Amino acid sequence: MAEVGLAAFSSIVSEGSKSLFKPIIRQISYVFKHQNYIDGLKDQVKQLGYRRETVQQPVNHARLQGDEIYEGVIDWLNKVDEFISEGVAKSIIDDEDRAKKSCFKGLFPNLISRYQLSKQAAKAAEAAASLVGKGNFSSVSYRPAPKSTEYMPVKDYEEFDSRTKVFQDVLDALKDDSFKIIGVYGMGGVGKTTLVKQVRKQVMEDKLFDKVVMAEVTQTPDHHKIQDKLAFDLGMEFDLNENEFQRASRLCQRLKQEKLLLIILDNIWTKLEFDKVGIPYDREDDRSRRTIILTSRSRDLLCNDMNSQKNFWIDALSKDEALQLFEKIVGDSKKTYDFQPTADEIVEKCGGLPVALRTVASALKNKSLNIWKDALNQLRSSNLREIRGMDAYVYSSIKLSYDFLESDEAKSLFLLCTLFGEGNPVEVVSLLRYGMGLGLFKNVHTLEDARNRVDALIDNLKASCLLLDGDTEDEVKMHDIIHDVAVSM
């Protein structure tokens, strides 16, 4: 009857007066069409729930993949949850249910309550419809750029004096815009990678560069792997159908976008063609500054093949530093009178080489004195493979340097040096004499030619960090651990 009366009232209003009476009709409808408004609100809430489910499903999947959800999507979901479970809509529907129960199932409705609830329901339905419309997202998530590791503490880095000086020298070189390529070299296991990682951390903290990217090259360079690592650090991805040239071109363009860029290429063994990887070398304008750090065991490779303009040698640890590192790993419990003499000799046999010290110390941690003495005997007899981890980390590392020597003459002269005993200086004239007697040198016919050949081979072995300078110009030395590896080959 109420709806019939409202319809009759509307019919007698002229078309021209409808706009005038429209607000009045709406106000009256809040009383007489009360159920329509409540049902309309319930329908919009239901539609909003459907839309929420449509959005929530891809959000859940994206989170499982490690993707980031857009802030707008998160904000929308929060507003929907509040609207459905805690907001005005729930309050109106709950009030309607209570009103029905208190008015004899609607037989004697409270008109004022109806009016208020209908008006609130109409407004809430509009809000729900608006939320439904705003929940039409083309995408809910994105793949984030890799989180920076530059600020993370560098594992195994120790602030020893021997390291701090090289570390500071490299930082100073990076501040000099005239150096485009900087080299860091030293024997295997001396800590080149650890040092440049610490440099990476420091330059980011000091904001010396906007971006630092780093990749390992290895003895068998894989351009795809190098490109993938550099791209990962930049937060970019390659298409599956891109070939190496296309990848290099895209990577190069992306690297050029960085105004202050440091590229670290670790563990270089052979000449690396920058353009084939996609590494920009020439600075096209003064607005950008790109610097490259290379690490290698070969000084000649850095100077001659990679054109490095400044090179830094990392030496072995001093005796005191080596003992500090060893004791730090094995723990204070072993700093006793019984253990100390054995510890001192073990550290001496490791020759200040961090990788050897860490490997031996880790193997002896929490072990008895008898085990320590057995390890010392193995080191004395150059039997490195009997010490846990030495074969995998030390022997194989140094053996690789030997394998990469380009000539058989250099390999033979290196092995000849082992005959002089561990820790003993090797006279160059003795190498010349024995080398001539054993016929190690090819196409050598005079003593002068032989001396020149020996000098060239020694320079090659020093550049590969397999020999060290002696106390005089006429002598060379071999690191104790390198000697042990050579003897056991």
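The values are calculated or read from the model by the stated rules, or taken from the named source; none is laboratory data. What you see is a predicted model; the values in this text were computed from it and never measured. Glycine gets a Cβ as well: all are built from the backbone with ideal geometry, and neighbour counts include every protein chain shown.
Restricting to segment 398-449, count the residues that are in contact (Cβ under 8 Å) with a residue 12 or more places away in the chain, crowded, with 16+ Cβ neighbours inside 10 Å, under 44 Å from the mean Cα position of the chain (by Cα) and assigned to a helix (DSSP H, G or I).
12
Filtering segment 157-197 down to residues that are over 28 Å from residue 400 (Cβ atoms) and among the hydroxyl-bearing types (Ser, Thr, Tyr), which residue is modelled with the lowest pLDDT? It would help to see each step written out before you state the result.
From segment 157-197, those over 28 Å from residue 400 (Cβ atoms) are 159, 161, 164, 168, 171-172, 174-180; that's our starting set.
From what is left, the residues that are among the hydroxyl-bearing types (Ser, Thr, Tyr) are 164, 178.
Details: 164: 92, 178: 89.
Among them, the one singled out is 178.
Each row is one residue, and each column tells you yes or no for (1) at negative phi; (2) in a loop (DSSP other than H, G, I, E, B); (3) modelled with pLDDT of 80 or more; (4) touching a Ser or Thr at 6+ places or on another chain (Cβ under 8 Å).
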{"residue": "320", "(1), (2), (3), (4)": "yes, no, yes, no"}
{"residue": "336", "(1), (2), (3), (4)": "yes, yes, no, no"}
{"residue": "352", "(1), (2), (3), (4)": "no, yes, yes, yes"}
{"residue": "361", "(1), (2), (3), (4)": "yes, no, yes, no"}
{"residue": "370", "(1), (2), (3), (4)": "yes, no, yes, no"}
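Count, please, the residues in segment 243-298 that happen to be among the polar types (S, T, N, Q) and over 24 Å from residue 312 (Cβ atoms). Talk me through it step by step, then tell me what you get.
Looking only at segment 243-298, we keep the residues that are among the polar types (S, T, N, Q), and these are 243, 246, 249, 253, 257, 267, 270, 288, 291, 295-296, 298.
Checking the rest, the ones that are also over 24 Å from residue 312 (Cβ atoms) come to 243, 246, 249, 253, 257, 288.
Counting residues in segment 243-298 that are among the polar types (S, T, N, Q) and over 24 Å from residue 312 (Cβ atoms) gives 6.
Across segment 177-206, which residue is nearest to residue 277 (Cα to Cα) among those that are assigned to a loop (DSSP other than H, G, I, E, B) and either among the small types (Gly, Ala, Ser) or in contact with a strand residue (DSSP E or B) (Cβ under 7 Å, 6 or more places away or on another chain) (or both)?
If we filter segment 177-206 for residues that are assigned to a loop (DSSP other than H, G, I, E, B), which is where we start, we get 177-180, 186-191, 206.
The next check asks that each one be either among the small types (Gly, Ala, Ser) or in contact with a strand residue (DSSP E or B) (Cβ under 7 Å, 6 or more places away or on another chain) (or both); those that pass are 177-180, 186, 188-189, 191.
Values: 177: 24, 178: 23, 179: 21, 180: 17, 186: 25, 188: 25, 189: 27, 191: 26 Å.
The extreme case among them is 180.
Please pick out the residue among 424, 443, 460 that is more than 28 Å from residue 314 (Cα to Cα) and modelled with pLDDT under 90.
Numbers: 424 fails: more than 28 Å from residue 314 (Cα to Cα); 460 fails: more than 28 Å from residue 314 (Cα to Cα).
None of the others qualify; the one that does is 443.
Regarding residue 266, is this residue surrounded by fewer than 21 Cβ atoms within 10 Å (Cβ to Cβ), touching a Lys or Arg at 6+ places or on another chain (Cβ under 7 Å) and in the same structural domain as residue 194 (by TED's automatic domain parsing)? Write out each step before concluding.
On the way: surrounded by fewer than 21 Cβ atoms within 10 Å (Cβ to Cβ): yes; touching a Lys or Arg at 6+ places or on another chain (Cβ under 7 Å): no; in the same structural domain as residue 194 (by TED's automatic domain parsing): yes.
Here the answer is no, as residue 266 does not meet what is asked.
Please list, ordered by first then second residue, the pairs with beta carbon atoms under 7 Å, 6 or more apart or interchain, first in segment 235-259 and in contact (Cβ under 8 Å) with a residue 60 or more places away in the chain and at positive phi, second assigned to a loop (DSSP other than H, G, I, E, B) and among the aliphatic types (A, V, I, L, M).
Short answer, once both residue conditions are applied: 235/145.
With the requirement that a residue be farther than 15 Å from residue 131 by Cβ and in a helix (DSSP H, G or I), what does segment 43-67 give you? So that I can check it myself, show each step before the final result.
Filtering segment 43-67 down to residues farther than 15 Å from residue 131 by Cβ leaves 57-67.
57, 58, 59, 60, 61, 62, 63, 64 - these are the residues of segment 43-67 that are farther than 15 Å from residue 131 by Cβ and in a helix (DSSP H, G or I).
Could you please find all residues in segment 216-249 being over 25 Å from residue 297 (Cα atoms) and touching a Phe, Trp or Tyr at 6+ places or on another chain (Cβ under 7 Å)?
231, 247
Looking at 209, 232, which one is touching a residue at least 24 places away in the same chain (Cβ under 8 Å), in a loop (DSSP other than H, G, I, E, B) and surrounded by 14 or more Cβ atoms within 10 Å (Cβ to Cβ)?
Details: 232 fails: in a loop (DSSP other than H, G, I, E, B).
Exactly one residue qualifies, and that residue is 209.
Looking at segment 290-313 only, could you name the residues that are surrounded by fewer than 18 Cβ atoms within 10 Å (Cβ to Cβ) and on the phi < 0 side of the Ramachandran plot? Don't jump to the end; show me each part of the working.
First, the residues of segment 290-313 that are surrounded by fewer than 18 Cβ atoms within 10 Å (Cβ to Cβ): 300, 303-305, 307, 309, 311, 313.
Once the filter is applied, which keeps residues that are surrounded by fewer than 18 Cβ atoms within 10 Å (Cβ to Cβ) and on the phi < 0 side of the Ramachandran plot, segment 290-313 yields 300, 303, 304, 305, 309, 311, 313.
Looking at (1) touching a helix residue (DSSP H, G or I) at 6+ places or on another chain (Cβ under 7 Å); (2) charged (D, E, K, R); (3) assigned to a strand (DSSP E or B), which is the only condition residue 216 fails?
Looking at each condition in turn, residue 216 falls short on (1).
Which residues, counting only those in segment 248-272, are part of a loop (DSSP other than H, G, I, E, B) and more than 23 Å from residue 305 (Cα to Cα)? Steps first, answer last, please.
So the first thing to find is which residues in segment 248-272 are part of a loop (DSSP other than H, G, I, E, B), and the list is 257-259, 269-272.
Within segment 248-272, 257, 258, 259 meet the criteria.
Any idea which of 140, 154 is of a type in the set (A, V, I, L, M) and at pLDDT 75 or above? Working first, answer last.
Values: 154 fails: at pLDDT 75 or above.
Checking each option against the conditions leaves just 140.
Let me spell it out: the conditions are (1) surrounded by 15 or more Cβ atoms within 10 Å (Cβ to Cβ); (2) part of a loop (DSSP other than H, G, I, E, B), and residue 476 meets all of them except one. Which number is the exception?
(2)
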